[in-house]
Structures are given as C-alpha cells and as structure tokens.
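The values are calculated or read from the model by the stated rules, or taken from the named source; none is laboratory data. Keep in mind that this is a model prediction, so the values were computed, not measured. Cβ placement follows ideal geometry from the backbone for every residue including glycine, while neighbour counts extend to all protein chains displayed.
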C-alpha cells in the first residue's frame, strides 16, 4: 500500500478542484480537509485494487452534502455571492463568474459535471455516488454543461468582446 | 488520471486552477495537524540536510523509527514503513523537530549523546539486542563486531551482529558506525564507507 502522502500528492489538487466546483470557494477548503482526514482514517482498510479517485470523490461527495446542509442552516450573510477580491490576487484565481454559474445549477447537475469533467469519473461511477441511473448522471452532466455554456461562457465572451 | 475533456469543457473550467500550490501547501499542513490531533498520523516524516547527505527521518507517536540515507532510497524506506508500520504516513516536520535539531548539533560537534524517544519496532530478536547494546557504546569509542556479538549475548554470532548493524533502522542515532572490523578497518555501512569514515572522524576530533 502506498504511503498516504502519495495519495495527497497525486489526488489532492483534483479533489480541491472538485470541492471548489461543488461547494464553492468559501467551503471548499473545509470540505477538502474533512475529506482527506476521513480518507486517512479509512485508508488502511481500502482494497489494494480500489479506484482511489472514485473512493476520494465518494467521501468528498458526502462532505459536500454536509457542507451544503450546514450552510443552509446558517443565517445567510447579505448576498450569498459576495463581491470580494480573489484570495491570492492571481489572475487564475477563479472566485467569481464561474462559481456564480456553477452555484446556479441544480446540485445533481453540478455534482455530475464536476465528477465527470474535473475528476474524470465515468457516468456509471457517478451514478453509484450520487444515486440514480447511469443515464440520469449522463443527462445531468450534459444539461449542466449546456447551461454553463449558455450562462457563464456567453457572459465571459461578451465581456471579452467589450 | 484525467479523462480527456471536450474543448468546451476545458473552456468552461479554465478559470479553475488545476494546480494551486499555495492552497495545496496550506491544506497539507492543515491535514497533518488535524491527523496528529486525532491520533491518526501513524508515521510523520521529513528530510534534513547533513554533511553525510540528505537524511529521511520518520517517527511514530512512540519515537524515531527510521533514519534513511539517500543511497538506501527514501521512497523505499517510506514504502517499508507503509508495509511494516502503517500506510498512514504524511510529510509532517513538526514531530521531527527535536531529531533534526539534535542531528544538527551532533554534526556541528555540539552534541555527543542523543536524547530522543526511539521506536525500534523494525528490529526484532537478536538484532534488537544488538541495537540496545550499540546505544551503550560511547561517542568517539569503537568496538569490533565480535565484541558486539558477545555483548548482545551470542559470542559466536559475529556475522549476525554485522547484519544487525547493516539493517539498523535508525543509523547515526543508534551508532552502528562505532562498530568496526577487528583489524581496525571501518567495515561496511548502510550510508556507505564514506559516511562511516566521516562520522568516525567527526567523533575523533
């Protein structure tokens, strides 16, 4: 069994991208931390041949549901998508339009899009994680992408055109 | 690892960084701290630069469990720890701060005795008895393999004493470099003959 450090190095960035896309910039690091702490605890019992990406995304999915529920219970601060500077000040920092567009998707579509396009999981695996059929997962991802293309891409292209 | 993305999906997620080094470092440190607090950081490790090369230091909650020379392969040492101790292994320098500091003092000639909790679980039976004896050999002194074998309770097990030294999981701190051939030549060493000569020269100064 590989040292867990190797799992963090190999899959940490992918899980962070997934968490950012699924729960947004404010909750992403908490979700990542809870995911990897839970994964570390369970790691010695993981089957040698297990698909590590799918295992991590399964844990992240449960943590994301917890985070979304906890956020829903909290009183909403004025404006759920606050305007604020990106935390690292770098151009590739993504807080803003993309998250606004992702947040507007139904949760199942957001999850299907993230798990397929950012984690690289096949739809059958995504269906096992989110519930429902493989076809439903495929449709959710396709619908999500279509909406994002119409909302986010259209808006950023418009912005570039100005 | 990543499925091939359709061009429009690449377009869509281009704003979401694939690698965010600052966030990765921050999250790694947070994970190591949370794991230690929850008692699930079974093995913590770090590397230190020394005059005999970059050493891997690893510790369980009980103490220092492994010191590995570059020639022994740090990855191989971590793989062995994953196999024999636990795969719950993270790079987490905090637990090794004391060991790193004492090694630094040792190499600068300011320390003659290590005062560190040790976890010698990687050595069993006679090998463990040999390590226990090695800890009694004072700084600057040397013994022959035959003397060590006798002190560990098996006077005729000179060769086994040599194997116990060669497989010492915690070299330098458990001073197998103080065991030399009966003709006075240094003999083999896990860190290579050059490292053994360096340590003996340091301690003779």
Problem set entry | Test: residue in the range B:59-71 that is out of contact with any strand residue (DSSP E or B) (no Cβ under 6 Å at 6 or more places or on another chain), more than 7 Å from chain A (Cβ to nearest Cβ) and closer than 30 Å to residue A:102 by Cα | no
Exercise. Looking at the range B:121-133, is at least one residue in contact with a helix residue (DSSP H, G or I) (Cβ under 6 Å, 6 or more places away or on another chain) and part of a loop (DSSP other than H, G, I, E, B)?
Worked result: yes
Exercise. Do we have residue B:160 as in a helix (DSSP H, G or I) and over 21 Å from the mean Cα position of the chain (by Cα) here?
Worked result: yes
Exercise. If only one of B:200, B:131, B:135 is modelled with pLDDT of 95 or more and farther than 20 Å from residue B:104 by Cα, which one is it?
Worked result: B:131
For this session: Take the residues in the range B:168-188 that are modelled with pLDDT of 95 or more and assigned to a loop (DSSP other than H, G, I, E, B), then tell me which one is surrounded by the most Cβ atoms within 10 Å (Cβ to Cβ).
Result: B:170
Problem set entry | Matching entry among B:153, B:191, B:109 (being surrounded by fewer than 17 Cβ atoms within 10 Å (Cβ to Cβ) and touching a residue at least 60 places away in the same chain (Cβ under 8 Å)) | B:109
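Table: residues versus (1) in a helix (DSSP H, G or I); (2) at pLDDT 95 or above; (3) surrounded by 15 or more Cβ atoms within 10 Å (Cβ to Cβ).
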{"position": "A:28", "(1), (2), (3)": "yes, no, yes"}
{"position": "A:40", "(1), (2), (3)": "yes, yes, yes"}
{"position": "A:54", "(1), (2), (3)": "yes, yes, yes"}
{"position": "A:80", "(1), (2), (3)": "no, no, no"}
{"position": "A:87", "(1), (2), (3)": "no, no, no"}
{"position": "A:94", "(1), (2), (3)": "no, no, yes"}
